[in-house]
Amino acid sequence: MAGRFLKYAFIALLLFPFAFLLMLSFGRGWGYPHVFPEQWTLENWRFILESQAGLGHSVLLSLLVSLGVAVPVTLASFWVSRAVSYSPYRRRWLVLAYLPYVLAPVVLAACLQAFFFRGGLSGKVWGVMAAQLFITFPYGVIFFSGFWNRRMQAMEQLVATLGGSRAQAYIRVLIPVAREALMTCFFQIFLISWFEYGLTTLIGVGKVQTLTLKVFQYVNEANIFLAALAGCLLVLPPVVLLWLNRRYVFSGAGGR
């Protein structure tokens with residue numbers, strides 16, 4: 001009985017921040033000593049559809065940036081990580097891959113800002129996406145470095161022995177075997193890009209208004225209801241990706 005109570009109490013504790021954000025997103029007017037907002041309305045959510053608000057645009061922009069970073073980085077890091085893992089200098093390459101994480105994203109952005117400004121990428125969506133490569137691509141290489149082991153090497157050699165090409169080895173053997181790893185890496189890189197703030201702020205110079213920047217904007221404006229609404233939209237993709245990861249990745253791996 002006590003174990004069940006602790007289980008449900010733990011679940012309630014985990015869900016409380018999300019329920020609290022959702023409650024505030026429907027609220028209007030919340031003053032001391034009231035526990036709940038004085039008014040409940042859908043006007044906050046209708047705010048997304050208003051063109052002058054820019055919140056709906058920020059959601060679409062964040063999806064564009066995150067997908068535009070996650071898809072190519074996942075594929076490119078999968079391919080590059082093979083060369084790194086089989087290289088005699090594997091440890092040196094992996095140490096270099098860890099270097100971007102020595103600095104905070106804001107410090108890294110400050111170091112890169114002058115180069116992006118001179119290259120004409122500052123304040124542009126493509127510039128923000130290029131800047132995020134400095135933290136997402138090394139992550140992908142590190143993530144896949146453990147995938148390329150002796151078993152994978154033996155499978156490649158077997159394909160070559162049977163007359164298969166390198167492309168056939170990738171398409172028919174390596175990629176199907178790495179399906180769960182590819183999906184997990186894609187989810188992780190998407191989330192890194194989705195929640196990224198420091199690089200987006202400095203390289204985007206406030207012109208690239210992603211959803212993460214909108215949340216901080218509403219918080220700084222002390223607009224708790226719109227901040228809660230933007231926060232709900234911000235946590236929605238991670239929840240969906242968590243469900244997809246559990247539904248299609250781990251369930252498939254467990255079935256085999």
Open item on the list: Let me check I have the definition right: for the chain, take the eigenvalues of the Cα gyration tensor, multiply each by 5, take square roots. What are those semi-axes in whole Å, largest first?
Closed with: 40, 26, 16
Open item on the list: Straight-line reach only, C-alpha to C-alpha below 17 angstrom: list the aspartates and glutamates that residue 214 could link to, leaving out same-chain residues fewer than 8 apart.
Closed with: 50, 196
Task: Most to least packed among 100-109, 225-234 [average Cβ atoms within 10 Å] - done: 225-234, 100-109
TODO: Arrange the following residues from fewest to most other Cβ atoms within 10 Å of their Cβ: 172, 4.
DONE: 4, 172
Task: Which of 95, 80, 141, 71 has the fewest Cβ neighbours within 10 Å, and the rest in rising order - done: 95, 71, 80, 141
- [ ] Give me the percent of Cα-Cα pairs in region 138-178 that sit more than 17 Å apart, rounded to a whole number.
- [x] 32
Open item on the list: Given a Förster distance of 45 Å, report the FRET efficiency between residue 86 and residue 107 from their Cβ-Cβ distance, rounded to the nearest 0.05.
Closed with: 0.85
Open item on the list: Taking the Cα centre as origin and putting +1 on Lys and Arg beta-carbons and -1 on Asp and Glu beta-carbons, what dipole magnitude results for the chain, to the nearest 20 debye?
Closed with: 1060
- [ ] Rank the residues 136, 74, 184, 41 as a footprinting-exposure proxy: fewest other Cβ atoms within 10 Å of their Cβ go first.
- [x] 41, 184, 74, 136
Open item on the list: Quick check: from the Cα gyration tensor, does region 1-145 come out rounded (a/c under 1.5), prolate or oblate?
Closed with: oblate
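Readers should treat all values here as calculations from the given coordinates under stated rules, not as data from a laboratory. This is a predicted model, so every value here is computed, not measured. Here Cβ is always computed from backbone atoms with ideal geometry, including for glycine, and neighbour counts include all displayed protein chains.
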